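Derivation of every value follows stated rules applied to the coordinates shown; laboratory data play no part. Since this is a predicted model, take the numbers as computed values, not measurements. No Cβ is skipped: glycine too gets one built from the backbone with ideal geometry, and neighbour counts run over all protein chains shown.
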Amino acid sequence: MVDLSFYINNGPMTLHKVSEITEAVLQDPSKANVMIRDIATLTRAGQGEICFFYDKKMKEQAKDIRATACVTTEELAPLVPHEVIKLISKDPKRAFLKLNMALYEEKSRGLGIAPSAKIASTAKLGKNCFVGENVVIEDNVIIGDNCLIEHGAVITNDCKIGNNCRIGVNAKVSFCEMGNDCYIYAGAQIGNDGFGFMMIDGKHQRIPQLGRVIIGDDVEVGANACIDRGALDDTIIGDGCRIDNLSQIAHNDIMGRGCIVVAQTGIAGSCTFGDYVVCGGQTGFADHLKIGSGAQIGAQSGVMQDVEAGSVVLGYPAQPIKDFMRQTVYLKKIIKNK
């Protein structure tokens, strides 16, 4: 059961309403007026609750479902106890997402500007914004409508932030133009200097970083992630990208649409990613690489050379996954035969 100390429950709702939201077919139309108040997991759901069953690996647990209703596939429905009301969906995972978004929401922080916030007279805020305690918004910043700027966030001069954006607690946004519907999580750092130095007279001299960070629409940047601004050209994050906590995106990197970067990934400077590239956790990239659209990089891989579109690579140095598996099996055989 969801803890309502933190969330608002918009229920209860009828199974007819659930069916409409999830685009699932209610197997027994006579149950359309049965009420559901909560979503719960397969093994914990009880009366008045609904669960989702889409993984064949859970078929043993499915026999013990005690929920009032279950959204599942036509194939898996016979495994659900007879007394449980079934809703048949082609995609129960998507149905779960839709019902979750309809049934629950975070408690609102309200609107308005906290007394301790410091907002420059030249900054422009859109309609229905919230600005938390100790926020700093500098000169010429433009923020769109329905934005949430949480406590302690800093937005430096001349940044532009679109509509429906959320800047998390103690996050910093600088040298940045951001689209709509973005979420920058707590502690993230956007637009700091790229890591550029030149050896002059025996000392590392910082190279001025004169580019920006351009973030598209519907982008999420996880807690304590860092995206550095470009040296001359911009660092670009495409629409729909998801960057997990503690990741590093270096100067002049370009990411296409819908890329996934899982936690603790580090991408060196001037790399170019195509669309829908997926990087597993703790992956590392050398600089100036080109990663083709649809490529998948396995967790903890070290990428030293370009990756073709659609490739799946793994290991250090990263190589096609089948080659990696063959080498692993071969090494095991060698060790076993010693």
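Determine the dipole magnitude for the chain: charges of +1 sit on the beta-carbon of Lys and Arg, -1 on that of Asp and Glu, nothing else is charged, the reference point is the Cα centre, and the result goes in debye to the nearest 20.
Values: 35 positive and 39 negative charges, 238 e Å.
So the magnitude is around 1140 debye.
Looking at region 7-106, what % of its DSSP beta bridges pair antiparallel, to the nearest 5?
40 percent
How fast does region 243-338 diffuse by Stokes-Einstein, in µm²/s, taking the Kirkwood radius from C-alpha pairs at 10 °C and 1.306 mPa s?
On the way: Rh = 13.5 Å.
Translational D for this selection: 118 µm²/s.
Please state the relative contact order of region 1-98 as a whole percent: Cα pairs under 8 Å, 6+ residues apart?
27 percent
From the backbone phi of region 136-150, what are the Karplus-calculated ³J(HN,Hα) couplings (6.51 cos²θ - 1.76 cosθ + 1.60, θ = phi - 60°) in whole Hz, Gly and Pro given as x?
10, 10, 8, 4, 6, 5, 10, 10, x, 7, 6, 9, 10, 10, 7
Given only helices, namely DSSP H runs of n ≥ 4 each adding -39500 (n - 2.57), what is the per-residue ellipticity at 222 nm of the chain, to the nearest 500 deg cm²/dmol?
After summing the helix terms and dividing by the residues of the chain, the value is -3500 deg cm²/dmol.
From the phi of every residue in region 244-256, what ³J(HN,Hα) in whole Hz does the Karplus formula 6.51 cos²θ - 1.76 cosθ + 1.60 yield, where θ is phi - 60° and glycine or proline is x?
Karplus values, whole Hz, x for Gly and Pro: 7, 4, 6, 9, 10, 10, 8, 4, 6, 5, 10, 10, x.
What FRET efficiency do you get for Lys336 and Ser121 if R0 is 51 Å and r is their Cβ-Cβ distance, rounded to the nearest 0.05?
E(calc), rounded to 0.05, equals 0.10.
Order of 122-128, 55-61 by packing, highest average Cβ count within 10 Å first? Mind showing how you got there, number by number?
On the way: 122-128: 14.6, 55-61: 11.4.
By packing density, highest mean first, the sequence is 122-128, 55-61.
Return the distance in nm (one decimal) between the two label points of a simple spin-label model at Ile8 and Met101, each offset 7 Å from Cα along Cα→Cβ.
So the two model labels end up 1.7 nm from each other.
If you add up the charges near Tyr185, with Lys and Arg at +1 and Asp and Glu at -1, over every other residue whose beta carbon is less than 15 angstrom from its beta carbon, what do you get?
Values: positive: Arg166, Lys172, Arg242; negative: Glu106, Glu150, Asp181, Asp218, Glu220, Asp244.
Net charge around Tyr185: -3.
If you take every DSSP beta bridge fully contained in the chain, what fraction is antiparallel? Give it as a percent rounded to 5. Mind dumping the intermediate values first?
Values: 13 of 80 bridges.
Beta bridges within the chain, antiparallel portion: roughly 15 percent.
Give me, ordered by chain and number, the residues 5 or more places off Asp91 or on other chains with an amide H under 5 Å from its own placed amide H.
Under 5 Å from the amide H of Asp91 lies no amide H from a residue far enough along the sequence or on another chain.
Restricting to Cα pairs below 8 Å that are 6+ residues apart, what does the relative contact order work out to for region 200-239? Please round to a whole percent.
The normalised contact order for region 200-239 reaches 50 percent.
List residues of region 128-144, by number, whose backbone nitrogen lies under 13 Å from a label position 7 Å along Cα→C-beta of Ile113.
128-143
Fewest to most neighbouring Cβ within 10 Å: what's the order for Met178, Met35?
Met35, Met178
How high is the relative contact order of the chain, in percent, counting Cα pairs under 8 Å that sit 6 or more residues apart?
Relative CO of the chain lands at 7 percent.
Using the structure shown, list the pairs from Lys203/Lys290; Lys59/Lys93; Lys56/Lys322 with a Cα-Cα distance above 21 Å, or answer none.
Lys203/Lys290; Lys56/Lys322
Taking H as built 1.01 Å from N, whose amide H comes closer than 5 Å to the amide H of Lys124, not counting residues under 5 places away?
When sequence neighbours closer than 5 places are left aside, the close amide H contacts are Val141, Ile142, Ile143.
Quick one: length gained pulling Asp233 to Lys56 fully straight, 0.36 nm per residue minus the C-alpha distance?
58.9 nm
If you count, for each residue, the other Cβ atoms within 10 Å and average over each peptide, how do 89-99, 228-238 line up from highest to lowest?
Highest-to-lowest ranking by the protection proxy: 228-238, 89-99.
Rounded, prolate or oblate, given the Cα gyration tensor of region 180-236, with a/c below 1.5 counting as rounded?
It comes out oblate by the Cα gyration axes.
Please give the net charge around Phe197, taking every other residue with its beta carbon less than 14 angstrom from that of Phe197, where Lys and Arg add +1 and Asp and Glu add -1.
-2
Under DSSP H, which helices of the chain have Cα atoms covering 15 Å or more of the helix axis and a Kyte-Doolittle average no less than -1.0? Could the numbers behind the result be given before it?
On the way: long enough: 92-103 (16 Å, 0.19); 321-337 (24 Å, -0.38).
Counting only whole DSSP H runs, the qualifying helices are 92-103, 321-337.
Rounded if a/c is under 1.5, else prolate if a/b beats b/c, else oblate: with a ≥ b ≥ c from the C-alpha gyration tensor eigenvalues square-rooted, which is region 171-322?
oblate
Quick one: which residues, 5+ away or cross-chain, put their amide H under 5 Å from the amide H of Ala299? H built at 1.01 Å from N.
Answer set, sorted by chain and number: Gly280, Gly281.
Which shape class, rounded, prolate or oblate, goes with the chain when its Cα gyration tensor gives a ≥ b ≥ c as root eigenvalues, a/c under 1.5 marks rounded, and past that a/b bigger than b/c marks prolate?
oblate
Tell me, what is the Rg over Rh of region 7-106, with Rh the Kirkwood radius over Cα pairs?
Ratio value, two decimals: 0.92.
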